[in-house]
Amino acid sequence: MLTLGIETSCDETGVALFDDQQGLLAHALFSQIDMHADYGGVVPELASRDHVRKLLPLCEQVLAQAGRQRSDIEGIAYTAGPGLVGALMVGGSVAHALGYALGVPVLGVHHMEGHLLAPMLEDNPPAFPFVALLVSGGHTQLVRVDGIGEYQLLGESVDDAAGEAFDKTAKMLGLDYPGGPRVAALAEQGRAGQYRFPRPMTDRPGLDFSFSGLKTFTLNTVNDAADKGQLDDQVRADIALAFEAAVVDTLVIKCRRALEHTGCKRLVMAGGVSANKRLRAALEAMAGKLGSTVFYARPEFCTDNGAMIAYAGAQRLKHGQRDGERIVAVPRWPM
Ligand code: KG4
Ligand code: ZN
């Protein structure tokens, strides 16, 4: 079955073709980051309009890349939520219109299920069951995964997501949106041990997270350094490193707990923050000591993309799941 995947939940237009037998045939992504950078974050109306401009050309592009025709498409998957409602509606409208024209089934899928399953697109994919750490701009969750659609939430952030904390820290340090990769790059120049940031909620049992206190701690540290006239490039890098180390340590502690509690031997990390090199290295070191293995997608499939939606949709379409006639767009949607 040849599935077209469409992702338009936020500021990336992603399209891909996934074939059950041959795997991922083609994928294309257009990032709106430059357009939103002037505003310091995603402007929903601009995002929707740009998805309208880019989506059909990207569909044509992946078909050409794969050497296929529109009429070869056998199923269409699109992100139905969570996300920006206008942006979601663009993907859903194109998916349903194409599906209607081609007479093929269409299915709206959960964006976070897409992220969760993205490591399945790599060589040597994880077998079930596994523990998944989902770390994106909107979510920080630990999930036990026993199969497609068999998800048990083990813990989640009670306030900000890890990616959101990275983005806000970037702003405080005068870095552009999206902040995660920029904070990580600045942290490379940081000197270890200059600052010690808290590891929130690690001293009590459970698998929930909280990152808003860490954000405040960062703000106070930045303001304090500025008041003393010390906020030069080196100090900004030191703060970036201290912040990143605190987030990474916190995530590692909770992942270790989740592996121990569930007895799972496989840990999957997914979502934008799973592209973070320090986090990958730290999780691998921790898992190695437990005799567990860590799985993650290539960096371009950690952040938003069409391939993960094509893959997740294909798993469900092949079992007969499909939308009715209505476009599904759910801005807030627990997995
Ligand atoms: O999964 P994603 O592309 O979109 C959402 O579904 O939210 O995640 C985006 C988030 C942003 O907060 C971004 O700053 C963060 O992932 N991110 C990173 C890195 N790359 C992206 N955070 C830390 N280190 C990175 N290398
Ligand atoms: Zn995402």
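The values are calculated or read from the model by the stated rules, or taken from the named source; none is laboratory data. In this text the structure is predicted, and so the values were computed from the model without any measurement. FYI the Cβ positions are ideal-geometry reconstructions off the backbone, even for glycines, and counts take in every protein chain you see. Ligands, DNA and RNA are excluded from the accessible area calculation, which covers all protein heavy atoms including side chains. Shrake-Rupley method; radii C 1.70, N 1.55, O 1.52, S 1.80 Å.
Computed over the Cα atoms of segment 137-201, pair by distinct pair, the Kirkwood hydrodynamic radius stands at 14.0 angstrom.
3J(HN,Hα) couplings calculated from phi for segment 128-138 with the Karplus curve 6.51 cos²θ - 1.76 cosθ + 1.60 (θ = phi - 60°) are, in sequence order, 7, x, 8, 9, 10, 9, 9, 10, 10, x, x Hz; Gly and Pro show x. Taking max minus min of the alpha-carbon positions on each principal axis, segment 256-335 gives extents of 50, 27, 24 Å, largest first. Helix 85-102 and the longest principal axis of the C-alpha atoms of the chain enclose an angle of approximately 20°.
Extension gain, Gln22 to Ala226, is 67.9 nm, computed as 0.36 nm per intervening residue step minus the present C-alpha separation.
Carbon-plus-sulfur accessible fraction, segment 167-272 (probe radius 1.4 Å, protein heavy atoms only): 47%. For segment 21-83, treating each Cα as an identical point scatterer without solvent, what Debye log10 I(q)/I(0) comes out at q = 0.13, 0.20, 0.25 1/Å? For segment 21-83, the Cα-only Debye profile gives -0.48, -0.92, -1.16.
Extension gain, Asp233-Arg332: 0.36 nm per intervening residue step, less the Cα-Cα distance, totals 31.8 nm.
Relative to the 2.2 N^0.38 Å rule of thumb, segment 51-114 has a C-alpha radius of gyration ratio of 1.11. Per-residue ellipticity at 222 nm computed for the chain from its helices equals -14000 deg cm²/dmol, with DSSP H segments shorter than 4 residues left out and the rest contributing -39,500 (n - 2.57). For the chain, the solvent-accessible area of protein heavy atoms averages 43 Å² per residue (probe radius 1.4 Å; ligands and nucleic acids excluded). Note on Gln321 and Lys277: their simple-model spin labels are 3.6 nm apart, each label 7 Å out from Cα toward Cβ.
The Rg/Rh ratio of the chain, with Rg taken over Cα atoms and Rh as the Kirkwood radius over Cα pairs, comes to 0.99. Evaluating kT/(6 pi eta Rh) at 37 °C and 0.692 mPa s, with the Kirkwood radius of segment 156-237 over Cα pairs in the Stokes-Einstein relation, gives 243 µm² s⁻¹. Take the Cα of Phe128, go 7 Å toward its beta carbon, and the backbone nitrogen atoms of segment 253-277 under 20 Å from that spot belong to 259, 262-271. Here the accessible area of segment 3-46 is 50 percent carbon and sulfur, with a 1.4 angstrom probe and all protein chains present. To test your reading of the geometry: what angle, between 0 and 90 degrees and rounded to tens, separates the Cα axis of helix 212-227 from the longest principal axis of the chain? Roughly 50 degrees between the two axes.
Here, P(r) means the percent of Cα pairs in each 10 Å bin from 0 to the largest distance; for segment 1-117 it is 15, 48, 31, 6, 0.
Computed with a 1.4 Å probe on the full set of protein chains, the accessible area for Glu188 sits at about 130 Å². Ordering Phe130, Phe30 by accessible surface, largest first, gives Phe30, Phe130; the 1.4 Å probe counts only protein heavy atoms, with every chain in place.
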